1. Hand me the GluC sites (Glu not before Pro) from the range 142-196 located in a DSSP loop with no more than 12 other Cβ atoms within 10 Å, in residue order please.
2. What is the gain in length, in nm to one decimal, between SER38 and ASP82 on full extension, counting 0.36 nm per residue of separation less the C-alpha to C-alpha distance?
3. What is the local net charge at ARG150, summed over the other residues whose Cβ is closer than 14 Å to its Cβ (Lys, Arg +1; Asp, Glu -1)?
4. Residues of the range 82-124 with backbone nitrogen within less than 13 Å of a virtual label 7 Å along the Cα-to-Cβ line of ILE142, please, listed as ranges.
5. Over the Cα atoms of the chain, how large are the radius of gyration and the largest Cα-Cα distance (Dmax), in Å?
6. Reachable lysines from LYS159, Cα under 20 Å, same-chain residues fewer than 8 places away excluded?
7. Any idea what the relative contact order of the chain is, in percent, if you count C-alpha pairs under 8 Å spaced at least 6 apart?
8. Filter the chain for me: DSSP H helices, axial length by Cα at least 27 angstrom, mean Kyte-Doolittle hydropathy not below -0.5. List them by residue number.
Amino acid sequence: MNNLLITPKIIRETDRGYSVYDIQDEMLSHRQIECVGSIDKESVYSLIMQLRYLQMQDKDAEITMYINSPGGEVSSGMALYDVMQAVSCPIRTVCVGTAASMAAVLFAAGDRREMLPHASVMIHDPLISGGLGGSALHIQSISQDLMRTRDVICQTLAKHTGRTIDEIYDKTKTDSYFYGEDAVEFGLADKVITEI
């Protein structure tokens with residue numbers, strides 16, 4: 001069975017006949033973008049381009065970013081985070097499904113953070129992916145970089161949640177899941193919504 005994601009199309013009749021285009025084009029025209037699936041350099045590049053484009057269109061109008069992601073590359077995610085902080089447009093983040101790991105950081109960084117009733121946010125320490133090998137000094141270097149990354153992620157979460165850095169370190173020691181009002185209480189979200 002083919003697992004390809006099928007993008008819905010919109011068919012619109014014009015004075016020149018019928019026009020067919022991706023639904024994302026229509027959503028973009030309404031200042032709505034999606035962070036869906038793994039966070040990597042390709043998906044982040046697309047989101048950064050969309051944010052920059054929308055800022056050029058109207059530097060003050062809100063952008064809504066829907067998030068349903070298991071997370072992914074920290075370096076790519078932090079690039080997107082930096083652009084989210086740099087654009088002048090307010091960014092509304094909406095968690096639909098799950099915002100986990102790096103996606104939780106992006107969700108928490110929104111100017112207005114909302115989640116659907118059955119959505120969840122999960123935070124944890126950064127992970128090492130792939131096999132770990134090499135010399136002792138190489139492994140020490142990786143370990144030091146991982147601890148630096150942990151500090152950056154935890155400081156970022158502390159900034160956007162209003163929690164202390166120690167509270168964030170404590171919660172990220174293991175996978176910590178937050179649903180609805182728990183996420184609001186912890187400072188990861190502003191409110192639970194039932195309409196989008």
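Laboratory data are not the source of any read-out in this text; all were calculated from the coordinates shown. Note that this is a predicted model, so its numbers are computed, not measured. As a convention, Cβ positions derive from the backbone with ideal geometry for all residues, glycine included, and neighbour counts pool all protein chains shown.
1. Taking the range 142-196 and a limit of 12 other Cβ atoms within 10 Å, the loop GluC sites (Glu not before Pro) found are GLU195.
2. 14.0 nm
3. -2
4. Taking a point 7 Å out along Cα→Cβ of ILE142, no residue of the range 82-124 has its backbone N under 13 Å.
5. Looking at the chain, its Cα Rg and Dmax stand at 18.5, 69 Å.
6. Partners within reach: LYS171, LYS173, LYS191.
7. Relative CO of the chain lands at 16 percent.
8. In the chain, the long hydrophobic H runs are 136-161.
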